[in-house]
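The structure appears below as structure tokens.
The values are calculated or read from the model by the stated rules, or taken from the named source; none is laboratory data. The structure displayed is predicted, hence computed values, not measured ones. Here the Cβ positions follow ideal geometry from the backbone for every residue, glycine too, while neighbour counts run over all protein chains shown.
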Amino acid sequence: MTKAPPTRTRRILTLAYAAIAAICLYGIAMETSREPAERIRIGLIGSTADEDFAGASALKAHIETHTDGAVAVEIYHSGQFCGSARECIGHMRSGALDVFMTTFGGLATIYPPGQAFDLPYLFDDDDTAECVFDGAVAEALRSEVLAAGSGLRLMVVGNTGGWRNFATTRRQVRSAADMKGLKIRTTAAPIGQALVARLGANPTPVAWSELYAALATGVVDGSKNSVQDIVSMRFEEQIKHIVLDRHGYMGAAWWYSETRWEELTADRRRIVEEGFARLRDVTRTAPKRASADAYAAFRAAGGVVHTPTPAEKASFREAATDLRDWYADQFGDAWLERLDREIAACEGGAPG
């Protein structure tokens, strides 16, 4: 057989290498452009400035990194996917939405006995609240909400704004007696309205999107919010007084659609759970860091912050004591006893 000339051999090899390179590049391009095998959709009512968005972003980063991009996490903030808690929960039950967060007040629409977590003056500090919600209480809530047929799985309890305080437009509140006759904005949650009524004020449900106008026009004389919420919505232009009664830890219950959860493999579930642990830590840390700047901004706008004396603080607690009875009459004592036990354990340094 006659040998091929060297130049011809080089030409053949060159063409072969080019073909191999083209095949490799095509494979890389196909791999790069491949659609994720799975998508997780998160619906948020708050904006990108909210700690909820920061937490969701931490969840997204963890899941996408640890699945090598096989799972894409989509965050729909500012009500882009659903405009209300009721609508978002409906989408979760159908499997159209994977993740959503409710406040403790919003928990009433999913699991009414969960209003126990929104009882006023329940916790003294962040450490106690976090200890309680990292233990048996969260496990029991997850089980009972699922058993009630909600279609929602509790993942973690974070925080969404710090602590609720009473904030007013014209009159400084120092003790419970100063609340008399004031029109205080509440949500539709019964326990929040019951608290305001027991303090001698008039509970006035107003949608969050309408609160600025309600404050400006005198429809309400104040609200019960964290200072971060007040400043982020520019309510300090109307609200001029805050009393640090700290009546509510602003817990955030993060839920996963049970329909979608059941579709996850065991490995994906582990990654998602790890991601939610990161989300929990971010949402708890962010409000603590933001509160100092928020109080500074509030004072710079002419606001006054009053720290109640022990006697003044006691007046708020005393006015609200029968709310435990109000709760027990409707839902029994089981959750109250469970919370009392866990709070005592956490305050003693030995969570149950």
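The figures follow:
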| item | result |
| --- | --- |
| Identity of the residue in region 200-214, touching a helix residue (DSSP H, G or I) at 6+ places or on another chain (Cβ under 8 Å) and in a loop (DSSP other than H, G, I, E, B), that ends up surrounded by the most Cβ atoms within 10 Å (Cβ to Cβ) | 201 |
| Options 192, 151: the member that is surrounded by 23 or more Cβ atoms within 10 Å (Cβ to Cβ) and touching a residue at least 40 places away in the same chain (Cβ under 8 Å) | 192 |
| Top-ranked residue in region 299-352 [being under 27 Å from the mean Cα position of the chain (by Cα) and acidic (Asp, Glu); ranked as modelled with the lowest pLDDT] | 347 |
| Options 236, 262; residue that is among the acidic types (Asp, Glu) and either more than 24 Å from residue 208 (Cβ to Cβ) or surrounded by fewer than 18 Cβ atoms within 10 Å (Cβ to Cβ) (or both) | 262 |
| All positions within region 118-143 that are modelled with pLDDT of 95 or more, closer than 29 Å to residue 79 by Cβ and not aliphatic (A, V, I, L, M) | 120, 126, 130, 133, 142 |
| Residues of region 310-327 satisfying the condition of being more than 20 Å from residue 196 (Cβ to Cβ) and free of Cβ contacts under 8 Å to residues at least 12 places away in the same chain | 310 |
| In region 45-58, residue nearest to the chain's Cα centre (by Cα) [restricted to those that are at pLDDT 95 or above and more than 17 Å from residue 226 (Cβ to Cβ)] | 56 |
| Residue satisfying condition, being assigned to a loop (DSSP other than H, G, I, E, B) and touching a Pro at 6+ places or on another chain (Cβ under 8 Å), within set 197, 188 | 188 |
| Residue check, residue 69 modelled with pLDDT under 95 and over 21 Å from residue 232 (Cβ atoms) | yes |
| Residue in region 234-245 that is over 29 Å from residue 124 (Cβ atoms) and assigned to a helix (DSSP H, G or I) present | yes |
| Which listed residue is within 27 Å of residue 330 (Cα to Cα), at pLDDT below 95 and within 14 Å of the chain's Cα centre (by Cα), from 108, 85 | 85 |
| Residue 272 vs. criteria within 27 Å of residue 117 (Cα to Cα) and in a strand (DSSP E or B) | no |
